[in-house]
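Notes to accompany the following structure.
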Amino acid sequence: MTKRKRILKIVHRVGALLLAITLLTMPVFATNYGERASNWILDQIFPIVLIVFVVSLITLFFKRNYTGLAITFIVGILVLFVANNPDNMVNIGENIFKAIFN
């Protein structure tokens, strides 16, 4: 049993080493990996938010929680707007900053 544990430890260490080497070389192959990752996340966030929104509405409807349904609908529409147009949030934030500090 101890020999088996030692072998498993070695396999885990070698696997972790190979994973670390792979992750460290990734930035070399993709000079703009951060930009690509952010674009991919922004492209994928809207459908995810939409699914969560619809599932929440269906759950609240079947529980007959109409107050929660109305609040979730309003907040969900705002979150969907932000997820679909993140540049508008930057403009809104800049306008609020200018209104407060200028």
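Taking the conditions exactly as written (free of Cβ contacts under 8 Å to residues at least 24 places away in the same chain, in contact with a Phe, Trp or Tyr (Cβ under 9 Å, 6 or more places away or on another chain) and surrounded by 10 or more Cβ atoms within 10 Å (Cβ to Cβ)), does Leu57 satisfy them or not? Yes, satisfied. Flag not set for Thr2, criterion: loosely packed, with under 10 Cβ neighbours inside 10 Å and modelled with pLDDT under 80.
The values are calculated or read from the model by the stated rules, or taken from the named source; none is laboratory data. None of these values were measured; they are calculated from a predicted model. Glycine also receives a Cβ, built like all others from the backbone with ideal geometry; neighbour counts cover every protein chain displayed.
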